[in-house]
Amino acid sequence: IGLFSNVPDMGYLSKLSAMGLTTLFVSFIVIAFYGNFSSFSLNLWPLEGLKGISHWFGCTVFSFGTVPLTYNLRDSMLEPQQMMPSTAIAFGLVTMSYVLLGSGMLLLYPNVKGDILKELPSLGYVPTAIRLAMTLVVLATAPLLVVPCGEVVEGKVFRGNATPRARVGIRLGICILCTAIGIGVPGFVEVLSFVGCCCVALFSYVVPPLLHLLLSCQRWVKDTELPVKGGTATGTTCIGQVCSKSWLLVDIVMLLWGIAASFISTMYVFRTSYQ
């Protein structure tokens with residue numbers, strides 16, 4: 001992972017990522033053949049109530065959490081102006097894939113709680129090959145997270161002028177740190193859920209509407225400044241301008257919902273993980 005992560009930008013990982021996704025889909029097809037075809041039962045409600053909902057929320061937000069990586073993804077594109085349509089298409093494909101794969105695996109493995117690989121037989125050539133294939137998937141897709149994280153750190157520490165040696169050291173350090181956390185924490189789902197609820201949810205659902213409100217307020221104040229002799233005067237108050245915008249309700253709802261969802265889910269995940 002450290003070797004694949006030392007690339008100039010994420011554009012170099014496109015073919016490697018495509019190989020990982022292809023391997024992932026083939027692996028899930030093989031895993032499906034080990035499922036229970038005798039009876040089907042689909043229960044979409046989490047098995048452990050609110051705790052399960054919190055874990056589901058954290059994993060889902062983490063999976064769709066591209067907001068912190070938006071600028072890194074855009075800078076790696078040959079046509080940055082296509083960021084919005086390409087993101088919409090990608091999210092649509094990922095959503096359909098998650099729904100089909102998740103519902104299908106839940107039909108065949110109704111009692112699965114975490115790692116689907118634990119439902120496979122412990123011995124045999126095919127189960128071993130599937131586990132090795134999943135390892136290949138991790139090797140091919142983990143750099144997609146390491147590279148933008150490394151770019152963020154490099155931009156803050158070296159102001160975008162990191163030497164190749166410094167870049168290698170930072171990205172290898174991120175890999176080593178994540179590996180140490182993975183070894184020290186037995187439940188990977190717990191870590192994924194906590195990061196999703198605590199960090200990614202804040203950046204995805206709290207920071208964007210908050211920044212939009214602040215920027216919109218500044219723009220409205222600037223637009224309502226009337227030129228007068230000796231300076232400027234405000235024609236209408238910022239609050240009045242804000243209240244006149246019907247779509248402001250969307251920002252307020254998203255902000256309140258993001259704060260509530262992040263706080264409640266983080267508390268539940270943290271409490272269950274601590275116990």
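F270 exposes around 120 Å² of accessible area when a 1.4 Å probe is run over every protein chain in place. In the assembled protein chains, T22 presents an accessible area of approximately 90 Å² (probe radius 1.4 Å). Of the residues E79, E151, ranked by 1.4 Å probe accessible area with the largest first, the sequence reads E79, E151.
To the nearest 10, the accessible area of M84 is 150 Å² with a 1.4 Å probe.
When the accessible area of segment 84-143 is computed with all protein chains present and a 1.4 Å probe, what percentage of it is carbon and sulfur?
Looking at segment 84-143 in its full context, I get 76 percent from C and S.
Of the listed residues I1, I183, I259, I89, the order by accessible area with a 1.4 Å probe, largest first, is I183, I89, I259, I1. Going by accessible surface with a 1.4 Å probe and the largest first, V61, V99, V153 read V99, V153, V61. Model label points for T163 and A133, set 7 angstrom from Cα along the Cα-to-Cβ axis, are 4.5 nm apart.
The values are calculated or read from the model by the stated rules, or taken from the named source; none is laboratory data. For clarity, every value in this text was computed on a predicted model and none was experimentally measured. Here the Cβ is made from the backbone with ideal geometry for all residues, glycine too, and neighbour counts use every protein chain on show. Heavy atoms of the whole protein, side chains included, go into the accessibility calculation; ligands, DNA and RNA do not. Shrake-Rupley method; radii C 1.70, N 1.55, O 1.52, S 1.80 Å.
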